[in-house]
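To start, the structure under review is shown below, and the notes come after it.
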Amino acid sequence: MKKLLPFFKIGLILGIFLVSTYLKYRVLDEAGGDLTIFRQAVTEFMSGKNPYSYTVASFKKNDPGLDHGYAYFPTMLYIYTPLYSFHLASEIPLQRVWKASVFLVEIGVALMIIKVLYKKDYLACLAGIAMWFLNPFLIARNSFVYTEPFGILFMLLALYYLEKNDLWSGVFFAISFSFKVFPIILFPVFLLKSEKRLKFILGGAVYMFVMSVPFMGNWENFWTYIQGSLLVHGMRDPQGRPLLFFISNYLGFPPYSLKLASFYKYMAILLGWVVTSYLLLKKKVVDKYVLSVISFAVFYIFTPVLTRTYMLWFIPIYAIGMYKVFEKKNKVWYYLSLVAFYAFYAGYLAIWTRGIRITDGIISL
């Protein structure tokens, strides 16, 4: 029986993976709004055009009915461009080809959870994997349209190598940031926990430079790239169903204005930076995963931009971080914390309808 136990443990993990695979297979042909945006960016990039030209123009129009262009750094373009060529050659539907890449990266995220938790506590590892593979977005919304796992995987790699190899931590942090900018939430954690900060910064800078080379042909091209990949995010109005706006709506608080939303936009990042820096410098909290949980929690509370996939970023960090919190305590609290978050996220998605609306500078739900 002892010899069979490892196979049984692996079998349970594979069982969760297979259930998740089946649920994703059922929505394999689902195509989200980003498909059109990504296809346009890829085709323009392949033809030698700067895809960020349309991005900048679309954000300047500030038309809520207009699809904004590709507003991320080009790492995803470099991945999706050869996949798009494969789609043209094979005639396999584009959404299937691109979802296959996300599917593989999701496995990578699960492997990182296993790497951190498996030897420490198998049941905790199993719970974390179940929450990831059977995430509320997949279950509550029956949807598999997102690219978040790319950034999540490299964020986990950056955290794993933090305090082990600061150069690789910096490279992985920059790669994660280049998919979506959310890892900026954790920047003070990385900077303060790095033993050799210069190596961390150098690793990130080298990747960002190499990634940007195709857009350095001339100044106009480069500036358009910087605007479209980074600066347009400061032009975004509140969207989705931000937590504070949601709570205030149901408690009957006065409506929020766009001016107040601009304040919260900066608070979501800066307050998390201040809190985690204080906790770390005062040595009140030193674990990198727990500090990451705190940073993300502050962000989610205050951010005026909260779309339905944003909380996917949190799942692996939460599963690992909360284990660190309850590692030497009653483990029941760990499992209850996972159930509580899962129930909250699933419930939040279940009641999600139109999201916020903006009328004459006033935000309502």
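The values are calculated or read from the model by the stated rules, or taken from the named source; none is laboratory data. The shown structure was predicted, so the numbers you read here are calculated from the model rather than taken from an experiment. Positions of Cβ are generated from backbone atoms using ideal geometry, with glycine treated the same way; all protein chains shown enter the neighbour counts.
Here is a list: 263, 245. Which entry is buried (at least 16 other Cβ atoms within 10 Å of the Cβ) and at pLDDT 75 or above? Of 263, 245, the one residue that is buried (at least 16 other Cβ atoms within 10 Å of the Cβ) and at pLDDT 75 or above is 245.
Residues that are among the acidic types (Asp, Glu), at least 1 per element: which helices (runs of 4 or more DSSP H) completely within segment 144-205 meet that?
148-161, 166-179
Given the condition within 18 Å of residue 287 (Cα to Cα) and buried (at least 21 other Cβ atoms within 10 Å of the Cβ), answer yes or no: does some residue in segment 134-144 qualify?
No, segment 134-144 has no match at all.
Among residues of segment 31-49 being touching a helix residue (DSSP H, G or I) at 6+ places or on another chain (Cβ under 7 Å) and within 13 Å of residue 146 (Cα to Cα), the one that is surrounded by the most Cβ atoms within 10 Å (Cβ to Cβ) is 38.
The one condition from (1) more than 25 Å from residue 269 (Cα to Cα); (2) in contact with a Pro (Cβ under 9 Å, 6 or more places away or on another chain) that residue 144 does not meet is (2).
Taking the criterion of being surrounded by 16 or more Cβ atoms within 10 Å (Cβ to Cβ) and of a type outside the set (A, V, I, L, M, F, W, C), the residues of segment 266-276 that qualify are 272, 276. As a summary of the residue check, residue 85 satisfies the conditions (1) farther than 25 Å from residue 138 by Cβ; (2) part of a helix (DSSP H, G or I); (3) touching a residue at least 40 places away in the same chain (Cβ under 8 Å) except for the one numbered (3). Filtered by the rule that a residue be touching a residue at least 40 places away in the same chain (Cβ under 8 Å) and either in contact with a Gly (Cβ under 6 Å, 6 or more places away or on another chain) or surrounded by fewer than 14 Cβ atoms within 10 Å (Cβ to Cβ) (or both), segment 211-229 gives no residues.
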